[in-house]
Amino acid sequence: MALIDAHATRAIRLTRGITERKSVASTASNRPRRERNLSIAFMPAIRTVLARDLRALAREVEAYPDDALVWELLPGTANSAGTLVLHLAGNLQHFVGAVLGQTGFVRDREAEFATRGLTRAELLARIETARESVDATLERITPERCDAPYPTPVGDRTLRTADFLLHLATHLNYHLGQIDYHRRALVPDAGTVDAVPIAELPEHQPSAR
């Protein structure tokens with residue numbers, strides 16, 4: 001009886017080991033497919049969010065009552081709304097347009113923080129140029145490019161392209177919030193510009209089975 005129990009125990013362990021190895025192998029073989037599916041879904045989403053928030057950035061600039069207030073500094077802050085607009089436009093035209101889209105744009109980061117006195121119309125033109133560059137570039141990004149390393153190191157780190165694009169979107173949103181508070185602090189009874197509207201995101205469409 002003991003011998004039968006020992007054989008049965010070994011058989012159970014062997015079967016369990018085979019099952020676990022098959023499970024690990026199945027998970028490993030399915031991982032590239034799942035990651036590709038995520039990349040296919042990611043690009044339209046990041047493209048939508050960047051376009052939405054650049055439109056919101058333009059609405060923020062339009063909501064200032066005059067050109068001078070865009071450049072006014074609040075106590076305890078280092079940058080005006082105008083400076084942040086130039087920074088965001090240059091940042092996206094460089095990291096998305098120039099590096100990924102090969103647009104030929106040459107960034108002057110020092111000028112982004114040194115320039116003063118542009119009109120709201122000039123700032124809006126910078127935003128629109130950045131929006132067109134970003135949208136045209138992301139339209140051509142493949143899932144393979146999305147999963148590949150970003151072409152140049154960022155902060156001495158090699159990043160996946162998708163991860164860095166997500167960072168750029170949150171960077172835009174971070175400064176968009178700063179600009180919104182800047183405007184509200186300077187403009188009495190300032191209203192909202194609907195800065196991050198859910199309505200501009202596509203509704204979920206269940207896939208056909």
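The values are calculated or read from the model by the stated rules, or taken from the named source; none is laboratory data. On a predicted model such as this, the values are computed, not experimentally measured, just so you know. Virtual Cβ from ideal backbone geometry, glycine too; neighbours counted across all protein chains shown.
Which of the following residues is closer than 16 Å to ASP180 by Cα and in contact with a Gly (Cβ under 8 Å, 6 or more places away or on another chain): LEU69, LEU84, LEU74, LEU123?
Working: LEU69 fails: in contact with a Gly (Cβ under 8 Å, 6 or more places away or on another chain); LEU84 fails: in contact with a Gly (Cβ under 8 Å, 6 or more places away or on another chain); LEU74 fails: in contact with a Gly (Cβ under 8 Å, 6 or more places away or on another chain).
Only one candidate passes the filter, namely LEU123.
With assigned to a helix (DSSP H, G or I), more than 25 Å from PRO197 (Cα to Cα) and not hydrophobic (A, V, I, L, M, F, W, C) as the only criterion, which of GLU72, GLU110, GLU62 stands out?
GLU110
Consider region 113-165. How many of its residues are closer than 24 Å to VAL70 by Cβ, outside any helix (DSSP H, G or I) and charged (D, E, K, R)?
1
Can you report the number of residues in region 60-87 which are surrounded by fewer than 16 Cβ atoms within 10 Å (Cβ to Cβ) and either among the small types (Gly, Ala, Ser) or touching an Asp or Glu at 6+ places or on another chain (Cβ under 8 Å) (or both)?
3
For GLY101, which of the numbered conditions (1) under 21 Å from the mean Cα position of the chain (by Cα); (2) in contact (Cβ under 8 Å) with a residue 60 or more places away in the chain fails to hold?
Looking at each condition in turn, GLY101 falls short on (2).
Taking the stated definitions as given, is THR137 more than 15 Å from the chain's Cα centre (by Cα) and not small (Gly, Ala, Ser)?
For THR137, the condition - more than 15 Å from the chain's Cα centre (by Cα) and not small (Gly, Ala, Ser) - is not met.
Within region 162-181, can you find the residues that are free of Cβ contacts under 8 Å to residues at least 40 places away in the same chain and over 13 Å from the mean Cα position of the chain (by Cα)?
GLY177, TYR181
Specify which of the listed residues (VAL193, VAL99) is surrounded by 11 or more Cβ atoms within 10 Å (Cβ to Cβ), over 14 Å from LEU50 (Cα atoms), at pLDDT 95 or above and of a type in the set (Val, Ile, Thr).
The unique qualifying residue is VAL99.
Mind listing whichever residues of region 119-161 are under 15 Å from PHE95 (Cβ atoms), charged (D, E, K, R) and without any contact (Cβ under 8 Å) to a residue 60 or more places away in the chain?
Passing the criteria: ARG145, ARG157, ARG160.
Looking only at region 49-78, which residues are among the polar types (S, T, N, Q) and closer than 27 Å to ASP135 by Cα?
Once the filter is applied, which keeps residues that are among the polar types (S, T, N, Q) and closer than 27 Å to ASP135 by Cα, region 49-78 yields nothing.
Mind counting the residues in region 163-195 that are of a type in the set (Asp, Glu) and within 30 Å of ASP147 (Cβ to Cβ)?
Residues flagged as of a type in the set (Asp, Glu) and within 30 Å of ASP147 (Cβ to Cβ) within region 163-195 amount to 1.
Of the residues that sit in region 147-183 and are out of contact with any strand residue (DSSP E or B) (no Cβ under 9 Å at 6 or more places or on another chain) and of a type in the set (Val, Ile, Thr), which one is farthest from PRO75 (Cα to Cα)?
Only one residue tops the list, namely THR152.
Determine if region 127-134 includes at least one residue that is at pLDDT 95 or above, within 25 Å of LEU186 (Cα to Cα) and surrounded by 15 or more Cβ atoms within 10 Å (Cβ to Cβ).
Yes, the conditions are met somewhere in region 127-134.
One residue is enough: does region 106-118 have a residue meeting the conditions free of Cβ contacts under 8 Å to residues at least 60 places away in the same chain, within 16 Å of the chain's Cα centre (by Cα) and closer than 28 Å to ILE179 by Cβ?
No, there is no match, as no residue in region 106-118 is free of Cβ contacts under 8 Å to residues at least 60 places away in the same chain, within 16 Å of the chain's Cα centre (by Cα) and closer than 28 Å to ILE179 by Cβ.
Given the structure, is ALA56 small (Gly, Ala, Ser) and under 18 Å from PHE164 (Cα atoms)?
No; evaluated as a whole, the condition is false for this residue.
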